[in-house]
Amino acid sequence: MTTKNNEESKYVSGMHITKDAPQTDFPKNSKYEEALAKYNTDLDDAAVRETVKTIIAEKVHENDTPEVKRFLFGSIELTSLKTTDSDTSILAFTERVNDFDNTYPDLPHVATVCVYPCFAKTVAESLEVDGVEIACVSGSFPSSQALIEVKVAETALAVKDGATEIDIVMPVGKFLSGDYEGVADDISELKEACGEAPMKVILETGCLKTASNIKKASILAMYAGADYIKTSTGKLEPAATPEAAYVMCQAIKEYYDETGIQIGFKPAGGINSVMDAVIYYTIVKEVLGEQWLTNKWFRLGTSRLANMLLSELQGENIKFF
(Lines give C-alpha, C1' and ligand atoms only; values in the text may rest on other atoms or scores of the structure.)
Protein backbone atom coordinates (compact mmCIF):
# COMPACT_ATOMS: atom_id res chain seq x y z
CA MET A 1 0.00 0.00 0.00
CA THR A 2 1.32 3.53 -0.73
CA THR A 3 0.47 7.05 0.37
CA LYS A 4 0.72 10.31 -1.59
CA ASN A 5 4.40 10.43 -0.61
CA ASN A 6 4.93 6.74 -1.53
CA GLU A 7 5.66 6.00 2.12
CA GLU A 8 5.36 2.40 3.22
CA SER A 9 2.62 1.93 5.82
CA LYS A 10 1.26 -0.87 7.96
CA TYR A 11 -1.15 -1.74 10.73
CA VAL A 12 0.27 -1.90 14.25
CA SER A 13 -1.98 -2.86 17.17
CA GLY A 14 -5.06 -1.73 15.30
CA MET A 15 -3.66 1.68 14.23
CA HIS A 16 -2.63 2.76 10.73
CA ILE A 17 1.01 3.84 11.04
CA THR A 18 3.24 5.21 8.29
CA LYS A 19 6.85 4.16 8.05
CA ASP A 20 8.06 7.58 9.12
CA ALA A 21 5.46 8.08 11.84
CA PRO A 22 6.86 9.35 15.16
CA GLN A 23 7.33 6.82 17.96
CA THR A 24 4.66 8.54 20.02
CA ASP A 25 2.00 7.16 17.66
CA PHE A 26 2.63 3.63 18.97
CA PRO A 27 0.78 2.40 22.05
CA LYS A 28 2.94 3.20 25.06
CA ASN A 29 2.04 0.22 27.22
CA SER A 30 0.83 -3.31 26.65
CA LYS A 31 -2.52 -4.25 28.12
CA TYR A 32 -0.68 -6.11 30.89
CA GLU A 33 1.40 -3.08 31.82
CA GLU A 34 -1.81 -1.08 31.89
CA ALA A 35 -3.31 -3.72 34.18
CA LEU A 36 -0.32 -3.54 36.52
CA ALA A 37 -0.64 0.23 36.64
CA LYS A 38 -4.02 -0.14 38.37
CA TYR A 39 -2.38 -1.69 41.44
CA ASN A 40 0.23 -0.66 43.96
CA THR A 41 3.18 -2.95 43.31
CA ASP A 42 5.77 -0.80 45.07
CA LEU A 43 5.87 -2.82 48.28
CA ASP A 44 8.29 -2.66 51.18
CA ASP A 45 9.55 -6.11 52.19
CA ALA A 46 10.21 -5.09 55.79
CA ALA A 47 6.69 -3.67 56.14
CA VAL A 48 5.21 -6.91 54.78
CA ARG A 49 7.24 -8.93 57.29
CA GLU A 50 6.02 -6.77 60.17
CA THR A 51 2.39 -7.00 59.08
CA VAL A 52 2.57 -10.78 58.81
CA LYS A 53 4.32 -10.99 62.18
CA THR A 54 1.47 -9.02 63.75
CA ILE A 55 -1.22 -11.20 62.15
CA ILE A 56 0.49 -14.35 63.42
CA ALA A 57 0.97 -12.97 66.93
CA GLU A 58 -2.54 -11.62 67.32
CA LYS A 59 -4.80 -13.90 65.28
CA VAL A 60 -3.41 -17.42 64.86
CA HIS A 61 -4.42 -18.62 68.34
CA GLU A 62 -8.09 -18.01 67.47
CA ASN A 63 -7.84 -20.57 64.66
CA ASP A 64 -5.93 -23.31 66.45
CA THR A 65 -9.09 -25.37 66.88
CA PRO A 66 -10.37 -28.85 65.91
CA GLU A 67 -12.95 -27.25 63.59
CA VAL A 68 -10.27 -25.39 61.62
CA LYS A 69 -8.12 -28.52 61.46
CA ARG A 70 -11.04 -30.50 60.02
CA PHE A 71 -11.46 -27.81 57.40
CA LEU A 72 -7.75 -27.83 56.61
CA PHE A 73 -7.80 -31.59 56.10
CA GLY A 74 -10.57 -31.15 53.55
CA SER A 75 -8.48 -28.55 51.69
CA ILE A 76 -5.41 -30.75 51.21
CA GLU A 77 -4.18 -31.56 47.71
CA LEU A 78 -2.68 -34.99 48.31
CA THR A 79 0.31 -35.11 46.00
CA SER A 80 2.63 -37.69 44.48
CA LEU A 81 5.24 -36.12 42.22
CA LYS A 82 8.19 -38.45 42.56
CA THR A 83 10.69 -39.68 39.99
CA THR A 84 9.86 -43.21 41.17
CA ASP A 85 6.10 -42.93 40.56
CA SER A 86 4.58 -45.69 38.44
CA ASP A 87 1.11 -46.87 37.50
CA THR A 88 1.36 -49.37 40.36
CA SER A 89 2.35 -46.82 43.00
CA ILE A 90 -0.20 -44.25 41.82
CA LEU A 91 -2.93 -46.88 41.87
CA ALA A 92 -2.02 -47.72 45.48
CA PHE A 93 -1.90 -43.99 46.28
CA THR A 94 -5.41 -43.51 44.87
CA GLU A 95 -6.74 -46.57 46.70
CA ARG A 96 -5.67 -44.98 50.00
CA VAL A 97 -7.95 -42.06 49.20
CA ASN A 98 -10.77 -44.51 48.47
CA ASP A 99 -10.07 -46.41 51.70
CA PHE A 100 -9.98 -43.24 53.78
CA ASP A 101 -13.53 -42.40 52.89
CA ASN A 102 -14.62 -45.78 54.22
CA THR A 103 -12.33 -45.82 57.27
CA TYR A 104 -13.10 -42.29 58.48
CA PRO A 105 -16.63 -41.55 57.26
CA ASP A 106 -17.03 -38.72 59.80
CA LEU A 107 -14.05 -36.76 58.48
CA PRO A 108 -13.90 -34.74 55.26
CA HIS A 109 -12.00 -36.31 52.38
CA VAL A 110 -9.05 -34.51 50.82
CA ALA A 111 -9.86 -31.93 48.16
CA THR A 112 -7.63 -33.21 45.40
CA VAL A 113 -5.27 -35.90 44.21
CA CYS A 114 -2.34 -34.35 42.32
CA VAL A 115 -0.10 -36.36 39.95
CA TYR A 116 1.92 -36.09 36.75
CA PRO A 117 -0.13 -36.04 33.52
CA CYS A 118 0.94 -39.55 32.52
CA PHE A 119 -1.00 -40.87 35.53
CA ALA A 120 -4.23 -38.93 34.99
CA LYS A 121 -5.94 -41.90 33.40
CA THR A 122 -4.85 -44.25 36.20
CA VAL A 123 -6.36 -41.95 38.83
CA ALA A 124 -9.50 -41.24 36.79
CA GLU A 125 -10.19 -44.94 36.37
CA SER A 126 -9.60 -45.87 40.02
CA LEU A 127 -10.79 -42.92 42.12
CA GLU A 128 -14.15 -43.74 43.69
CA VAL A 129 -14.75 -40.78 46.01
CA ASP A 130 -17.19 -38.13 44.80
CA GLY A 131 -15.91 -34.60 45.23
CA VAL A 132 -12.18 -35.33 45.03
CA GLU A 133 -10.63 -33.49 42.11
CA ILE A 134 -7.88 -34.89 39.87
CA ALA A 135 -5.12 -32.32 39.41
CA CYS A 136 -2.17 -32.70 37.07
CA VAL A 137 0.98 -30.61 37.05
CA SER A 138 1.56 -29.69 33.43
CA GLY A 139 3.39 -27.37 31.06
CA SER A 140 6.85 -28.85 31.69
CA PHE A 141 6.58 -28.87 35.49
CA PRO A 142 8.52 -27.77 37.51
CA SER A 143 10.67 -25.55 35.27
CA SER A 144 8.17 -24.46 32.59
CA GLN A 145 11.16 -24.56 30.23
CA ALA A 146 9.76 -26.08 27.06
CA LEU A 147 8.31 -24.99 23.75
CA ILE A 148 4.81 -23.66 24.20
CA GLU A 149 3.53 -26.27 21.72
CA VAL A 150 4.84 -29.02 23.99
CA LYS A 151 3.29 -27.44 27.08
CA VAL A 152 -0.06 -27.02 25.35
CA ALA A 153 -0.07 -30.63 24.12
CA GLU A 154 0.78 -31.99 27.57
CA THR A 155 -1.98 -29.93 29.16
CA ALA A 156 -4.62 -30.93 26.61
CA LEU A 157 -3.69 -34.61 26.95
CA ALA A 158 -3.94 -34.45 30.74
CA VAL A 159 -7.47 -33.04 30.50
CA LYS A 160 -8.41 -35.65 27.90
CA ASP A 161 -7.19 -38.41 30.23
CA GLY A 162 -9.28 -37.22 33.15
CA ALA A 163 -7.61 -34.27 34.88
CA THR A 164 -10.25 -31.97 36.33
CA GLU A 165 -7.71 -29.31 37.37
CA ILE A 166 -4.35 -28.25 35.92
CA ASP A 167 -1.36 -26.77 37.75
CA ILE A 168 1.18 -24.93 35.57
CA VAL A 169 4.32 -22.96 36.38
CA MET A 170 4.64 -19.35 35.31
CA PRO A 171 7.67 -18.90 33.01
CA VAL A 172 9.78 -17.34 35.74
CA GLY A 173 12.73 -16.54 33.46
CA LYS A 174 10.53 -14.46 31.20
CA PHE A 175 9.10 -12.63 34.19
CA LEU A 176 12.51 -11.80 35.65
CA SER A 177 13.60 -10.57 32.20
CA GLY A 178 10.68 -8.15 32.13
CA ASP A 179 8.86 -10.00 29.34
CA TYR A 180 5.45 -9.60 30.94
CA GLU A 181 3.62 -10.03 27.65
CA GLY A 182 5.45 -13.31 27.04
CA VAL A 183 4.52 -14.50 30.52
CA ALA A 184 0.86 -13.65 30.02
CA ASP A 185 0.75 -15.17 26.52
CA ASP A 186 2.09 -18.50 27.86
CA ILE A 187 -0.49 -18.56 30.63
CA SER A 188 -3.32 -17.62 28.27
CA GLU A 189 -2.45 -20.37 25.77
CA LEU A 190 -2.35 -22.97 28.51
CA LYS A 191 -5.64 -21.70 29.92
CA GLU A 192 -7.21 -22.27 26.50
CA ALA A 193 -5.81 -25.82 26.46
CA CYS A 194 -7.45 -26.49 29.84
CA GLY A 195 -10.94 -26.06 28.42
CA GLU A 196 -13.35 -26.14 31.35
CA ALA A 197 -10.76 -27.41 33.84
CA PRO A 198 -9.67 -24.74 36.36
CA MET A 199 -6.01 -23.75 36.08
CA LYS A 200 -3.62 -22.94 38.94
CA VAL A 201 -0.58 -20.82 38.11
CA ILE A 202 2.48 -21.49 40.25
CA LEU A 203 4.54 -18.34 40.74
CA GLU A 204 7.60 -20.03 42.34
CA THR A 205 7.76 -17.15 44.80
CA GLY A 206 11.15 -18.18 46.17
CA CYS A 207 12.67 -17.22 42.82
CA LEU A 208 10.88 -13.87 42.71
CA LYS A 209 12.67 -12.64 45.86
CA THR A 210 10.68 -9.47 46.57
CA ALA A 211 7.14 -8.63 47.59
CA SER A 212 6.88 -6.29 44.61
CA ASN A 213 7.72 -9.08 42.18
CA ILE A 214 5.26 -11.44 43.86
CA LYS A 215 2.50 -8.82 43.60
CA LYS A 216 3.25 -8.18 39.92
CA ALA A 217 3.38 -11.88 39.08
CA SER A 218 0.08 -12.48 40.89
CA ILE A 219 -1.68 -9.74 38.94
CA LEU A 220 -0.24 -10.84 35.59
CA ALA A 221 -1.28 -14.44 36.21
CA MET A 222 -4.83 -13.47 37.13
CA TYR A 223 -5.29 -11.16 34.16
CA ALA A 224 -3.90 -13.87 31.87
CA GLY A 225 -6.47 -16.44 33.00
CA ALA A 226 -5.43 -18.09 36.29
CA ASP A 227 -8.29 -19.53 38.31
CA TYR A 228 -5.93 -19.98 41.28
CA ILE A 229 -2.52 -18.64 42.10
CA LYS A 230 -0.13 -20.95 43.92
CA THR A 231 3.09 -20.16 45.74
CA SER A 232 5.53 -22.88 44.76
CA THR A 233 6.31 -26.17 43.09
CA GLY A 234 7.84 -27.58 46.26
CA LYS A 235 10.91 -28.46 44.22
CA LEU A 236 12.91 -25.32 45.09
CA GLU A 237 13.73 -23.50 48.33
CA PRO A 238 12.39 -21.34 49.74
CA ALA A 239 8.92 -22.63 48.94
CA ALA A 240 5.75 -21.16 50.49
CA THR A 241 6.23 -18.46 53.10
CA PRO A 242 3.65 -16.51 55.11
CA GLU A 243 4.97 -13.27 53.58
CA ALA A 244 4.45 -14.52 50.02
CA ALA A 245 0.99 -15.76 50.99
CA TYR A 246 0.07 -12.38 52.43
CA VAL A 247 1.13 -10.51 49.28
CA MET A 248 -0.68 -12.99 47.00
CA CYS A 249 -3.87 -12.74 49.06
CA GLN A 250 -3.69 -8.95 48.94
CA ALA A 251 -3.38 -9.18 45.14
CA ILE A 252 -6.37 -11.54 44.97
CA LYS A 253 -8.45 -9.17 47.09
CA GLU A 254 -7.55 -6.12 45.01
CA TYR A 255 -8.17 -8.02 41.77
CA TYR A 256 -11.58 -9.11 43.08
CA ASP A 257 -12.42 -5.52 44.07
CA GLU A 258 -11.37 -4.32 40.59
CA THR A 259 -12.98 -7.04 38.46
CA GLY A 260 -15.50 -8.94 40.58
CA ILE A 261 -13.71 -12.21 39.70
CA GLN A 262 -12.89 -14.55 42.59
CA ILE A 263 -9.51 -16.30 42.35
CA GLY A 264 -8.43 -19.21 44.53
CA PHE A 265 -5.24 -19.44 46.59
CA LYS A 266 -2.92 -22.38 47.17
CA PRO A 267 0.20 -22.33 49.33
CA ALA A 268 2.44 -25.31 48.53
CA GLY A 269 5.85 -26.55 49.51
CA GLY A 270 7.41 -26.20 52.94
CA ILE A 271 4.18 -26.78 54.87
CA ASN A 272 5.83 -28.92 57.52
CA SER A 273 3.49 -28.69 60.50
CA VAL A 274 -0.12 -28.26 61.50
CA MET A 275 0.73 -24.80 62.78
CA ASP A 276 2.12 -23.84 59.36
CA ALA A 277 -1.28 -24.70 57.88
CA VAL A 278 -3.12 -22.76 60.59
CA ILE A 279 -0.97 -19.72 59.81
CA TYR A 280 -1.93 -19.85 56.11
CA TYR A 281 -5.58 -20.28 57.08
CA THR A 282 -5.30 -17.21 59.32
CA ILE A 283 -3.75 -15.09 56.56
CA VAL A 284 -6.53 -16.05 54.14
CA LYS A 285 -9.17 -15.31 56.77
CA GLU A 286 -7.70 -11.92 57.70
CA VAL A 287 -6.98 -10.71 54.16
CA LEU A 288 -9.67 -12.35 52.04
CA GLY A 289 -12.36 -13.23 54.54
CA GLU A 290 -14.85 -16.04 55.00
CA GLN A 291 -15.79 -16.09 51.32
CA TRP A 292 -12.46 -17.81 50.59
CA LEU A 293 -12.64 -20.31 53.44
CA THR A 294 -13.99 -23.23 51.44
CA ASN A 295 -12.12 -26.17 49.99
CA LYS A 296 -12.86 -24.79 46.54
CA TRP A 297 -11.09 -21.46 47.00
CA PHE A 298 -8.40 -22.40 49.53
CA ARG A 299 -6.13 -25.39 48.94
CA LEU A 300 -3.00 -26.69 50.63
CA GLY A 301 -0.35 -28.34 48.49
CA THR A 302 1.11 -30.90 50.87
CA SER A 303 1.04 -34.62 51.56
CA ARG A 304 2.89 -34.84 54.87
CA LEU A 305 0.25 -32.65 56.48
CA ALA A 306 -2.50 -35.24 55.98
CA ASN A 307 -1.13 -37.69 58.56
CA MET A 308 -0.27 -34.85 60.96
CA LEU A 309 -3.78 -33.44 60.89
CA LEU A 310 -5.33 -36.88 61.10
CA SER A 311 -3.21 -37.69 64.16
CA GLU A 312 -4.26 -34.47 65.92
CA LEU A 313 -7.92 -34.96 65.09
CA GLN A 314 -7.92 -38.58 66.26
CA GLY A 315 -5.67 -38.05 69.26
CA GLU A 316 -3.13 -40.72 68.30
CA ASN A 317 -0.21 -41.14 65.94
CA ILE A 318 -1.61 -42.27 62.58
CA LYS A 319 0.22 -42.89 59.30
CA PHE A 320 -2.65 -43.59 56.93
CA PHE A 321 -1.26 -41.99 53.77
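The values are calculated or read from the model by the stated rules, or taken from the named source; none is laboratory data. As the structure is a computational prediction, the values presented were derived from the model and not from experiment. Every residue, glycine as well, gets a Cβ built from its backbone with ideal geometry; the counts of neighbours run over all protein chains shown. Note: areas computed on protein heavy atoms with side chains; ligands, DNA, RNA excluded. Shrake-Rupley method; radii C 1.70, N 1.55, O 1.52, S 1.80 Å.
Note on LYS174: accessible area approximately 80 square angstrom, rounded to 10, probe 1.4 Å, nucleic acids and ligands left out.
Ignoring ligands, DNA and RNA, please state the percent of accessible area on the range 238-321 from carbon and sulfur, probe 1.4 Å.
The C+S portion of the solvent-accessible surface of the range 238-321 is 45 percent.
Anisotropy class assigned to the range 42-121 is oblate, per the alpha carbon gyration tensor with a/c at or over the 1.5 cut-off and a/b no larger than b/c.
With the whole protein complex present, PHE298 retains an accessible surface near 0 Å², based on a 1.4 Å probe. Please state the shape class of the range 93-178: rounded when a/c is under 1.5, otherwise prolate if a/b exceeds b/c and oblate if not, all from the C-alpha gyration tensor. In terms of gyration-tensor shape, prolate. Here r is the Cβ-Cβ distance between ALA146 and ASN307 and R0 is 45 Å; the resulting FRET efficiency, rounded to 0.05, is 0.85. Of all beta bridges that DSSP places with both ends in the chain, some 15 percent have antiparallel geometry. Taking max minus min of the alpha-carbon positions on each principal axis, the range 165-321 gives extents of 51, 31, 31 Å, largest first.
For the range 183-227, which whole percent of the accessible surface, found with a 1.4 angstrom probe, sits on carbon and sulfur atoms? Of all accessible area on the range 183-227, carbon and sulfur atoms account for 45 percent. For the range 41-115, the list of trypsin sites (Lys or Arg not before Pro) that fall in a loop by DSSP and count at most 16 other C-beta atoms within 10 angstrom reads LYS82.
Across the range 220-240, the residues whose backbone nitrogen lies under 17 Å from the label position 7 Å along the beta-carbon direction of LYS209 are 237-239.
Taken along the Cα-to-beta-carbon direction at a fixed 7 Å, the label points for THR65 and TYR104 span 2.0 nm. Surface composition of the range 60-134: carbon and sulfur atoms hold 49% of the protein heavy-atom accessible area at a 1.4 Å probe. Per residue, the accessible area of the chain comes to 47 Å², computed with a 1.4 Å probe over protein heavy atoms only. Site pair ILE261 and TYR39 shows an inter-label distance of 1.1 nm when each label is modelled 7 Å from Cα along Cα→Cβ. Each label point was placed 7 Å from the Cα along the Cα-to-Cβ direction; for LYS296 and GLU237 their separation is 3.8 nm. Cross-link check: pairs LYS191/LYS253; LYS38/LYS69; LYS59/LYS215 evaluated at a Cα-Cα cut-off of 32 Å; pairs beyond the cut-off: LYS38/LYS69. Between THR84 and SER30, what is the FRET efficiency for a Förster distance of 35 Å, r being their Cβ-Cβ separation, to the nearest 0.05? The calculated FRET efficiency here is 0.20.
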